[in-house]
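Participant: I have a structure I would like to understand better, so I am pasting it below and will then ask my questions one at a time.
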């Protein structure tokens, strides 16, 4: 199976009913797609890739591993949002803890140039406890 957005879910599901699942990184499969990308050509490329010697397979992630990845990605988003604040002229020192302290005031301060969209994003991230320790 080629690794894609739902492959770990399907890998766990198929493993639970007795199938042996091997995930192939998409960049390996891409090299074997012959013409336009469609299901038939993609399936053929996956089969050709799986039969090659020395192909690196990706283990199926557990839900806990996916949770950790989601947390890391969300924290990275917060770092990027800190940078976005700087683009509005609002400077916050580096570090997630330093973002937590001024964030409520920044969201509520009507005198800054934050748009409604950005305020709502920060508010929802704070409500989801992403910005909290």
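Participant: Among the residues of the stretch 26-49, what is the count of those that are closer than 17 Å to residue 3 by Cβ and out of contact with any strand residue (DSSP E or B) (no Cβ under 6 Å at 6 or more places or on another chain)?
Facilitator: Residues that pass the stated criteria total 13.
Participant: Return the residue satisfying two criteria in turn: it lies in the stretch 104-125 and is in contact with a helix residue (DSSP H, G or I) (Cβ under 6 Å, 6 or more places away or on another chain) and crowded, with 16+ Cβ neighbours inside 10 Å, and of such residues it is modelled with the lowest pLDDT. Can you show your working first?
Facilitator: Step one: filter the stretch 104-125 for residues in contact with a helix residue (DSSP H, G or I) (Cβ under 6 Å, 6 or more places away or on another chain), giving 107, 119, 122-123.
After this cut, where a residue has to be crowded, with 16+ Cβ neighbours inside 10 Å as well, the list is 107, 119, 122.
Numbers: 107: 81, 119: 81, 122: 76.
Ranking the candidates gives 122 first.
Participant: Across the stretch 1-39, which residue is modelled with the highest pLDDT among those that are loosely packed, with under 15 Cβ neighbours inside 10 Å and touching a helix residue (DSSP H, G or I) at 6+ places or on another chain (Cβ under 8 Å)?
Facilitator: Selected residue: 22.
The values are calculated or read from the model by the stated rules, or taken from the named source; none is laboratory data. From a predicted model like this one, the values you see are computed outputs, not experimental measurements. Heads up, the Cβs are rebuilt from the backbone with ideal geometry, glycines too, and the neighbour counts pull from every protein chain shown.
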